[in-house]
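Here's the structure, in structure tokens; my notes come after.
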Amino acid sequence: MIPRSLVLALLFAVPVGTAAQDPAPRGAVRAEVAGAVVTIDHGRPGLGDRMLSDLLAMLPEERVWRAGENQVTILEASGDIRIGGQAIPAGRYSLYLHIPTDDAPWSLLVNRHQGIALGELWSEAPAAMRDEPWPMLSGYAAIEDQEVARIALSAEESGSGGDTFEIAWTGDSLRFSWGPAAYTVAVSGS
């Protein structure tokens, strides 16, 4: 039997072999927050003919998704910041989303674990991608002890209902949107 986490990883991502040949588009957002430069690099999966509710229903028991596609979503901050009022020290972090089964708000998970180099997961990884960080396929529970913060997000009107997952800066907030779902969280200096 195939573990649910592996099924989910394959569902939300282009298979590793395909990704190396035709990488999914990446997104990068950058902002200055109280003198600190904050960047987020993330994958941008598209819904295509799938329904977001159907995909989210397939999340594993821990209800955590890697907030992007293929490679780990990475947040880097050159100085201390606050996200949703919680202190995030300067550094490099992986981002995940906790998505409950009911209509409760999503949460942003900020984690110190940087992922596993693609070369460790796939012996045929192209040289240019061998060192790229990829999520743990065994599930978030394996790295939960490295979580720095779990931050409640505020539901927002989606507006566009766009097909592609997006992370964007909107004034002093981060916005996560995909299909009919959109959530925001305030970001400020420490």
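Beta carbons closer than 6 Å, at least 6 apart along the sequence or on distinct chains, never pair a first residue in the range 12-37 that is over 15 Å from Leu95 (Cβ atoms) and of a type in the set (S, T, N, Q) with a second that is at pLDDT below 95 and assigned to a strand (DSSP E or B). Out of the range 134-152, which residues are part of a strand (DSSP E or B) and at pLDDT below 90? Result: Trp134, single match.
Applying the selection to the range 163-183, what residues are under 22 Å from Thr39 (Cα atoms), of a type in the set (Gly, Ala, Ser) and part of a loop (DSSP other than H, G, I, E, B)? Once the filter is applied, which keeps residues that are under 22 Å from Thr39 (Cα atoms), of a type in the set (Gly, Ala, Ser) and part of a loop (DSSP other than H, G, I, E, B), the range 163-183 yields only Gly171. Residues in the range 132-152 that are of a type in the set (Asp, Glu) and either touching a His at 6+ places or on another chain (Cβ under 7 Å) or surrounded by fewer than 17 Cβ atoms within 10 Å (Cβ to Cβ) (or both): Glu144, Asp145, Glu147.
When residues in the range 153-183 are screened for being under 14 Å from Ile40 (Cβ atoms), crowded, with 16+ Cβ neighbours inside 10 Å, modelled with pLDDT of 90 or more and within 14 Å of the chain's Cα centre (by Cα), 4 of them pass. Checking each residue in the range 87-126 for being farther than 22 Å from Asp54 by Cα and out of contact with any strand residue (DSSP E or B) (no Cβ under 9 Å at 6 or more places or on another chain) picks out Gly119, Ser123, Glu124, Pro126.
Among residues of the range 127-151 that are at positive phi, those with a Cβ under 8 angstrom from a residue that is part of a helix (DSSP H, G or I) and surrounded by 13 or more Cβ atoms within 10 Å (Cβ to Cβ), sequence gap 6+ or separate chain, pair up as Gly139/Ser5.
Within the range 109-124, the presence of at least one residue that is assigned to a strand (DSSP E or B), among the polar types (S, T, N, Q) and under 19 Å from Asp145 (Cβ atoms) is confirmed. Only one of the numbered conditions (1) crowded, with 17+ Cβ neighbours inside 10 Å; (2) at pLDDT below 90; (3) out of contact with any Gly (no Cβ under 6 Å at 6 or more places or on another chain); (4) within 20 Å of Ile40 (Cα to Cα) is violated by His113, and that is (2).
The values are calculated or read from the model by the stated rules, or taken from the named source; none is laboratory data. Keep in mind it's a predicted model, so treat the numbers as computed, not measured. Every residue, glycine among them, receives a Cβ derived from its backbone with ideal geometry; neighbour counts consider all protein chains shown.
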